[in-house]
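This report refers to the structure that appears directly beneath it.
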Amino acid sequence: MAPITNGRTLFNEIPSGFPEPGKTTVYDTSKTIDLENVPLNGGVLVKTLVLSADPYMRVQMREADIESYMPPFIVGQPLGVGKILRSERDGFKPGGYVYGLLDHAEYSLPSPDVPVFGIRVFNPEPGLQYSAYVGAGGMPGQTSYYGWKEYANAKAGETVFVSGGAGPVGSLVIQLAKQDGLKVIASAGSDEKVQFCKDVGADVVFNYKTTSTLDILRQEGPLNIYWDNVGGTTLDAAIENAANHARFLECGAISQYNSKDGVNMKNLDQIYARRITLYGFLISDLAPKWEEEFYKVIPKKLASGEFKFREDITTGLENSGQAIRDVQIGANTGKKVIVVAQE
């Protein structure tokens with residue numbers, strides 16, 4: 001077989017605000033790949049089927065010498081699902097599915113050896129589309145499950161506030177909390193997203209763009225648990241309305257990813273006054289403890305419909321730059337999935 005084009009999305013320049021397709025990221029077709037003869041060097045050749053666009057990607061769009069919890073987004077290795085075409089690696093058979101860090105390209109030679117997110121073979125749960133494994137059945141779902149199980153210490157009858165409740169992380173947290181018998185308050189950024197939060201079981205849901213977060217929390221609190229996907233003034237409002245000995249699970253701060261403007265936090269003294277415990281966590285720390293249980297429990301619940309999820313599909317790798325931007329500005333309605341190819 002002659003070499004074929006291997007389309008790629010490349011990180012082109014560091015954005016000052018929101019990423020811009022064609023500027024921050026560019027689609028490139030200059031590279032080719034010989035699928036039959038490209039050296040594997042003991043690895044695997046994977047055809048990319050779907051890729052994930054996630055909020056944390058904005059953290060990676062920075063100078064390489066700036067330290068952070070994620071490596072800089074030099075070329076880009078998003079989470080994805082692919083199909084093995086060739087393999088020189090034990091346990092990775094052609095025709096099988098893999099999940100993990102794939103190049104932002106149609107074909108890649110990923111490493112199985114990267115901790116936590118190195119590619120892993122999986123068998124899709126019957127009735128569950130493989131795209132779910134970059135959402136509720138993958139890293140976002142793991143984030144929800146690991147954090148909730150490890151740090152929520154939930155008790156029936158307590159109240160939890162979930163910001164970003166319509167996203168792939170927040171929506172699963174809502175369902176985990178309802179399963180544990182909690183009252184759930186959730187915020188979202190559109191009427192459609194508000195409805196989705198209601199559909200997955202939230203008791204009180206509001207559009208933070210049209211309704212005061214502070215007023216809702218004063219009315220519906222105090223909060224025993226806060227799952228924070230947003231940071232900024234929403235976090236400050238949650239602190240003001242926390243119960244004594246509340247647990248705050250600090251998962252993300254998307255309100256601050258695209259702006260360097262400071263946020264005036266007025267209630268930091270209440271952290272000690274109310275004896276609030278803040279848990280900052282990354283799933284890489286918790287995977288050894290919870291990963292096996294997650295894969296036994298969550299895909300089955302998703303396939304059966306017991307746990308609900310929603311996907312927002314972008315078709316074509318050439319459109320991935322817009323998909324990345326959509327996630328940052330909140331234009332997606334569900335887990336943003338980039339469909340690169342069919343099987």
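Readers should treat all values here as calculations from the given coordinates under stated rules, not as data from a laboratory. Quantities reported herein were computed from a predicted structural model and do not represent experimental measurements. Ideal geometry is used to build each Cβ from the backbone, glycine not excepted, and the neighbour counts take in all protein chains shown.
Points worth noting:
- Under 15 Å, Cβ to Cβ, from C197 - net charge with Lys/Arg +1 and Asp/Glu -1: +3
- Counting all C-alpha pairs of the chain, share separated by more than 35 Å (%): 23
- Helix-derived mean residue ellipticity, 222 nm - over the chain, DSSP H n ≥ 4, -39500 (n - 2.57), to 500: -7500 deg cm²/dmol
- Each of the peptides 193-205, 304-316 was scored by the mean count of other Cβ atoms within 10 Å over its residues; in descending order, highest first, they stand as 193-205, 304-316.
- Label separation (D28 vs L10): 0.3 nm, computed from points 7 Å beyond Cα along the C-beta direction.
- Helix 283-304 axis, angle to the chain major axis (alpha carbon atoms, nearest 10°): 90
- Peptide packing for 100-107, 276-283 was compared via the average number of neighbouring C-beta atoms within 10 Å per residue; ordered from the highest value, the list is 100-107, 276-283.
- Sum of side-chain charges, H245 neighbourhood, beta-carbon under 10 Å (Lys, Arg +1; Asp, Glu -1): +3
- Highest mean first, the peptides 234-242, 209-217, 295-303 sorted by other C-beta atoms within 10 Å per residue fall in the order 234-242, 295-303, 209-217.
- Taking the DSSP bridge list for the chain and keeping only pairs wholly inside it, about 50 percent are antiparallel.
- Exceeding the 19 Å Cα-Cα cut-off - candidates K149/K266; K155/K178; K31/K335: K149/K266; K31/K335
- Degrees, to the nearest 10: 320-329 long Cα axis against longest axis of the chain: 10
- The value for the range 251-343 of Rg(Cα) / (2.2 N^0.38 Å) is 1.51.
- ³J(HN,Hα), Karplus 6.51/-1.76/1.60, whole Hz, each residue of the range 104-109, x for Gly, Pro: 6, 8, 5, 9, 8, 10
- At q = 0.13, 0.18, 0.20, 0.22 Å⁻¹, base-10 log of I(q)/I(0) for the range 139-283 (Debye sum, equal scatterers on each alpha carbon): -0.49, -0.99, -1.26, -1.56
- Site pair V38 and K155 shows an inter-label distance of 5.5 nm when each label is modelled 7 Å from Cα along Cα→Cβ.
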